[in-house]
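Right, one structure below, let's go through it.
Read-outs throughout are calculated quantities, based only on the coordinates presented, and are distinct from any laboratory measurement. These numbers were taken from a predicted model, which means no experiment stands behind them. Note that we place each Cβ from the backbone using ideal geometry, even for glycine, and neighbour counts take in every protein chain shown.
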Amino acid sequence: MTEKVLVVDDDPSLLELVEYNLKTNGYQTLTASDGQAGIRTFFSDRPDLVILDVAMPKMDGYQVCQRIRE
């Protein structure tokens, strides 16, 4: 079974780079470009790991983490 990783970052180039590296290493990769989309993706796809950018506008990575942990 392939592990699923969700990457949440508002920087498109960094998001693409991390996604590429994860896919190259055999991970199924999900991406979201903001915190709210990240939360929706987390609850709909249930990834094994979430990588969060802590400095995002509107909802930062700490807030996303807190919502996921609730």
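Some observations on this one:
- Residues that are crowded, with 16+ Cβ neighbours inside 10 Å and either out of contact with any Asp or Glu (no Cβ under 7 Å at 6 or more places or on another chain) or within 15 Å of ARG67 (Cβ to Cβ) (or both), drawn from region 19-36: GLU19, LEU22, ALA32, ASP34, GLY35, GLN36
- Residues of region 22-50 classified as closer than 11 Å to LEU6 by Cβ and among the small types (Gly, Ala, Ser), total: 4
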